[in-house]
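Visitor: The structure under discussion is supplied below as structure tokens; questions concerning it will follow.
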Amino acid sequence: MLVHKTECPGLLILEPRVFQDERGFFLESYNREAFHLVGIDCEFVQDNHAYSRDAGVMRGFHFQLPPFAQAKLVWVSRGAVLDVVVDLRKGAPSFGRCQHVILSAANFKRMYIPRGFGHAYVTIMPDTEFQYKVDAPYRPDHERGIAWNDPDIAFDWTPALGERPPILSEKDRRLGSFADFDSPFIHEEN
């Protein structure tokens with residue numbers, strides 16, 4: 001597995017070894033020992049699978065508050081997304097900054113997102129399936145979010161959306177602002 005560090009401490013882009021031939025492909029989507037060797041020491045407790053019918057479906061920025069904050073391992077098994085995170089950890093050198101990557105069924109990339117990040121993605125192909133593992137269970141009373149188009153985050157979604165508006169859930173239309181969010185997340189040096 002190739003591991004690419006990012007500007008955000010702890011946030012990793014992962015490329016598994018893929019064995020392909022005329023029949024198709026094989027890869028290890030998760031291997032606890034291999035992840036431990038690259039510094040990912042969380043115990044995943046839940047797998048999630050989301051389907052988006054259209055290109056332009058936006059989800060996020062989502063996160064959960066402590067004590068149910070979640071680390072995530074995310075990837076796409078069909079289609080493609082522009083996957084974006086914002087660092088919400090006070091004291092992190094990348095606090096308030098975004099990191100992004102194209103995740104697709106064709107490139108097999110994964111992103112490991114530590115606790116303390118807001119996570120969003122927009123589909124760039126129709127019929128996209130997005131999968132992820134989390135290390136804490138879903139707790140609706142601890143769920144929070146920041147608007148995808150927050151002016152303080154100022155991420156440019158134009159390469160994925162063009163001039164069209166995203167397709168949003170009612171919940172995502174009501175997400176709060178970065179300026180009004182008093183983050184409980186603290187960056188800890190490793």
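The values are calculated or read from the model by the stated rules, or taken from the named source; none is laboratory data. The structure presented is a predicted model; accordingly, all values stated were derived computationally and were not measured. Neighbour counts run over all protein chains shown; Cβ positions are idealised from the backbone, glycine included. Ligands, DNA and RNA are excluded from the accessible area calculation, which covers all protein heavy atoms including side chains. Shrake-Rupley method; radii C 1.70, N 1.55, O 1.52, S 1.80 Å.
Visitor: Given Cβ point charges of +1 (Lys, Arg) and -1 (Asp, Glu) and nothing else, what value in debye, to the nearest 20, does the dipole of region 67-190 about its Cα centre take?
Guide: Once rounded to the nearest 20, the dipole reads 300 debye.
Visitor: Over the chain, what percent of the accessible surface lies on carbon and sulfur atoms, probe 1.4 Å? It would help to have the intermediate numbers written out before the result.
Guide: Values: 5050 of 10210 Å².
Ligands and nucleic acids excluded, carbon and sulfur give 49 percent.
Visitor: If you don't mind, there's one more thing I want to ask. Report the full-extension gain for the segment residue 28 to residue 141: residue separation times 0.36 nm, less the Cα-Cα distance, to one decimal in nm. Write down the numbers at each step before the final one.
Guide: Working: separation 113, 0.36 × 113 = 40.68 nm, distance 3.40 nm.
Full-extension gain reported as 37.3 nm.
Visitor: Specify whether the C-alpha gyration tensor of region 111-183 places it in the rounded, prolate or oblate class, a ≥ b ≥ c being the square roots of the eigenvalues: rounded for a/c under 1.5, otherwise prolate if a/b is larger than b/c and oblate if not. Before the final figure, lay out the partial values.
Guide: Details: a/c = 1.69, a/b = 1.17, b/c = 1.45.
Since a/c reaches 1.5 but b/c is at least a/b, the shape of region 111-183 is classed as oblate.
Visitor: At R0 = 25 Å, how high is the FRET efficiency between residue 38 and residue 102 if r is their beta carbon distance? Nearest 0.05 is fine.
Guide: Details: r = 21 Å, r/R0 = 0.85.
Step by step, r from the Cβ atoms, then E = 0.75.
Visitor: Can you work out the accessible area per residue across region 75-190, with the rest of the protein chains kept in place, probe 1.4 Å, in square angstrom? Present the calculation step by step, with values, prior to reporting the outcome.
Guide: Details: 5670 Å² over 116 residues.
Ligands and nucleic acids excluded, the result is 49 Å² per residue.
Visitor: Kindly write out, for region 150-164 in residue order, the coupling ³J(HN,Hα) from the Karplus curve 6.51 cos²θ - 1.76 cosθ + 1.60 (θ = phi - 60°), rounded to whole Hz, with x marking Gly and Pro.
Guide: 4, x, 6, 6, 6, 7, 8, 8, 4, x, 8, 9, x, 9, 7
Visitor: So which residue, out of 48, 107, 149, gets the largest mean-square fluctuation from a GNM of the chain using Cα contacts under 10 Å as springs?
Guide: Top of the fluctuation ranking is 48.
Visitor: With a 1.4 Å probe and all protein chains kept in place, how much accessible area does residue 98 have, in Å² rounded to the nearest 10?
Guide: Taking all protein chains as shown, residue 98 has close to 40 Å².
Visitor: Same structure, new question: Place a point 7 Å from Cα of residue 5 in the direction of its Cβ. Which residues in region 108-124 have their backbone N less than 17 Å from it?
Guide: Within reach of a label on residue 5, which here means backbone N under 17 Å from a point 7 Å along Cα→Cβ, region 108-124 contributes 112-114.
Visitor: Mind checking which of 78, 59, 17 has the largest fluctuation in a GNM of the chain, springs on alpha carbons under 10 Å?
Guide: Among 78, 59, 17, the largest mean-square fluctuation in the Gaussian network model of the chain belongs to 17.
Visitor: Which of (1) 161; (2) 146; (3) 123 is the computed volume of the Cα convex hull per residue in Å³ for the structure on display?
Guide: (3)
Visitor: Let me check something: with ligands and nucleic acids excluded, how do 104, 29 order by accessible area (1.4 Å probe), largest to smallest? If you can, show how the numbers build up before the last one.
Guide: Values: 104 10, 29 50 Å².
I get 29, 104, largest accessible area first.
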